[in-house]
Amino acid sequence: MKNIVLIGMSGLGKTEIGKSLARSLGWDFLDTDDLIVKEKRMTIDHIFEEYGEEYFRDLETQVIKEVSKQNNTVISTGGGAVIREENAHNLRNNGYIILLMGKIETIVQNLNKSYGLRPLLKGSYEDLNERVRALYKKREHLYLIQSDLIIGVDDKTIPEISKEIIVEINKLKSRYN
Ligand code: S3P
């Protein structure tokens, strides 16, 4: 069966939700950022600092091309994966694209709990809210046009979200079969 691909901003739990979903379905799980880190043996931070964003995006595009060849796999992507149409095209070819959405406050809260800030969100914690909002605004239209399903994550547990995704995917499948 087609893959399930999670897209959306950092801090919405794509990785944790993806793992839970894969466990429930008995599927494989892949995280594009993890694959890049393993392949390059460098942290994402380090890649951005040393080689810049375009280089990271090239690695991301390559990894996405590879993971899109899988079946029965839950794929979590980095928040900027949808910037390139080529990525969205490859992911969509063999997967249902699920956009995780949440309030800016949810994102900020979760990012505050995580270790260090993502390269594109670096800066003081006081105006993190504004930086997240600005990045989201830039990407919102891409997230929306590329998704088959939108799932809200605010005030829900990971198992609840993962159950909801399964229910909604089944509805989607029955609509097209
Ligand atoms: C990025 C999000 C990060 C990571 C990189 C770039 C982005 O992934 O891919 O720092 O452009 O939003 P997460 O969404 O898992 O934080």
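The values are calculated or read from the model by the stated rules, or taken from the named source; none is laboratory data. Bear in mind the structure is a predicted one, so any value in this text is a computation, not a measurement. A quick note on method: Cβ atoms are made from the backbone with ideal geometry, for glycine too, and the neighbour counts reach across all protein chains shown.
The set of residues from the stretch 35-53 being under 24 Å from Lys69 (Cα atoms) and either in contact (Cβ under 8 Å) with a residue 12 or more places away in the chain or outside any helix (DSSP H, G or I) (or both) comprises Leu35, Ile36, Glu39, Lys40, Arg41, Ile44.
Of the residues that make up the stretch 53-75, is at least one modelled with pLDDT of 95 or more, hydroxyl-bearing (Ser, Thr, Tyr) and in contact with a Lys or Arg (Cβ under 7 Å, 6 or more places away or on another chain)? Yes: the stretch 53-75 contains one or more residues that are modelled with pLDDT of 95 or more, hydroxyl-bearing (Ser, Thr, Tyr) and in contact with a Lys or Arg (Cβ under 7 Å, 6 or more places away or on another chain).
Can you find a residue that is touching a Ser or Thr at 6+ places or on another chain (Cβ under 8 Å), among the hydroxyl-bearing types (Ser, Thr, Tyr), buried (at least 19 other Cβ atoms within 10 Å of the Cβ) and in contact (Cβ under 8 Å) with a residue 40 or more places away in the chain anywhere in the stretch 70-79? Don't jump to the end; show me each part of the working.
From the stretch 70-79, those touching a Ser or Thr at 6+ places or on another chain (Cβ under 8 Å) are 75-79; that's our starting set.
When the remaining residues are screened for being among the hydroxyl-bearing types (Ser, Thr, Tyr), the result is 76-77.
Still in the list and also buried (at least 19 other Cβ atoms within 10 Å of the Cβ): 76-77.
Then keep just the ones that are in contact (Cβ under 8 Å) with a residue 40 or more places away in the chain; that gives 76-77.
Within the stretch 70-79 (the criterion being touching a Ser or Thr at 6+ places or on another chain (Cβ under 8 Å), among the hydroxyl-bearing types (Ser, Thr, Tyr), buried (at least 19 other Cβ atoms within 10 Å of the Cβ) and in contact (Cβ under 8 Å) with a residue 40 or more places away in the chain), the answer is yes, since at least one residue qualifies.
Among residues of the stretch 144-173 that are at negative phi and surrounded by 19 or more Cβ atoms within 10 Å (Cβ to Cβ), those with a beta-carbon under 6 Å from a residue that is at pLDDT 95 or above and in a loop (DSSP other than H, G, I, E, B) at least six positions away or on a different chain give the pairs Val153/Leu12; Val153/Gly102; Ile161/Val153. Cβ contacts < 7 Å: first residue within 22 Å of Arg131 (Cα to Cα) and among the charged types (D, E, K, R), restricted to the stretch 1-22; second residue assigned to a strand (DSSP E or B) and within 9 Å of the ligand (Cβ to nearest atom), any location; separation 6+ or different chain. Result? If the second residue must be assigned to a strand (DSSP E or B) and within 9 Å of the ligand (Cβ to nearest atom), the pairs left are Lys14/Ser76.
On the given criteria, is Ser68 under 19 Å from Ile151 (Cβ atoms) and of a type in the set (Gly, Ala, Ser)? Steps first, please.
Values: under 19 Å from Ile151 (Cβ atoms): no; of a type in the set (Gly, Ala, Ser): yes.
Against the criterion (under 19 Å from Ile151 (Cβ atoms) and of a type in the set (Gly, Ala, Ser)), Ser68 does not qualify.
Residues in the stretch 22-33 that are surrounded by 16 or more Cβ atoms within 10 Å (Cβ to Cβ) and either of a type in the set (S, T, N, Q) or under 23 Å from His89 (Cβ atoms) (or both) were compared, and the one that is nearest to the ligand (Cβ to nearest atom) is Asp33.
So which of Ile44, Ile36, Ile17 is within 17 Å of Leu121 (Cα to Cα), surrounded by 14 or more Cβ atoms within 10 Å (Cβ to Cβ), within 14 Å of the ligand (Cβ to nearest atom) and β-branched (Val, Ile, Thr)? Break it down stepwise before answering.
Numbers: Ile36 fails: within 17 Å of Leu121 (Cα to Cα); Ile17 fails: within 17 Å of Leu121 (Cα to Cα).
Every option except Ile44 fails the conditions.
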